[in-house]
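Data block below; observations after.
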Amino acid sequence: MSSDYIAWFEDLGFGDVARVGGKNASLGEMVRSLKDEGVRVPDGFATTAAAYREYIAANAIEAALRERLTAMKSGRASLHQTGEAIRRLFLDGEFPEGIAEAIRASYRELSRRSGQDEVSVAVRSSATAEDLPEASFAGQQETFLNVRGERALLAACRRCFASLFTDRAISYRETQGFDHLQVALSIGVQRMVRSDKA
């Protein structure tokens, strides 16, 4: 079921951080390691770093992104102006059809596994930069809950990509000395569950 653009949680583990980020790699490890112990982790899949990078290439975002960051570093633009402009680049973009169809097909499969026509999902950001003792990227990108339907899912995925460039995330990477373009974003699409009926 996995492809260049999609990986199912059951196929992921701690060795996949560069491909799907820390959060999604951890979810995969939980599914693989805890299922036999009777721990029920909601099913789902992740988009890959390759999908993020292809989205950037297909929408010709990189040159404008570099230009905005250079303007900020030279004092010609504020952090807020820079973040807003970069996020707009992602939000105005379109998914290449191969990636869009991979996400749609995986969502249909997740719905089938869940016994529903259109399952409600959490759409979660997972950056590929590994947390270090002196730098943690946890909680810097967006999550969207109760997303239902293919169109809403693709819109939420686009917003996750854009959230790699929140003002907070840009500032943090600048402070920590991380290259903005070396970090990619994976999206976890996970079935929503009610905690009171777990």
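The values are calculated or read from the model by the stated rules, or taken from the named source; none is laboratory data. Remember, predicted model here, so these are calculated numbers, not experimental data. Keep in mind that these areas ignore ligands, DNA and RNA; they rest on the heavy atoms of the full protein, side chains included. Shrake-Rupley method; radii C 1.70, N 1.55, O 1.52, S 1.80 Å.
Between R53 and D36, full extension at 0.36 nm per residue minus the direct alpha carbon distance yields a gain of 2.6 nm. The slack between K73 and D167, meaning 0.36 nm per residue of separation minus the straight C-alpha distance, is 32.5 nm.
Computed on the stretch 28-110, with alpha-carbon pairs under 8 angstrom and 6+ residues apart, the relative contact order is 33 percent. Does anyone have the angle between helix 167-176 and the longest principal axis of the chain? Alpha-carbon axes, 0 to 90°, nearest 10? With rounding to tens, the tilt is 70 degrees. Rolling a 1.4 Å probe across the protein heavy atoms gives the chain an accessible surface of 51 Å² per residue.
The C-alpha atoms of the chain define a longest principal axis, and helix 62-73 lies at about 60 degrees to it.
GNM remark for the chain: springs join alpha carbons under 10 Å apart, and the peak mean-square fluctuation among A57, A127, A169 falls on A57.
Dividing the mean sequence gap of close Cα pairs (under 8 Å, 6+ apart) by how many residues the chain holds gives a relative contact order of 28 percent.
Helix 17-34 and the longest principal axis of the Cα set of the chain meet at an angle near 20°.
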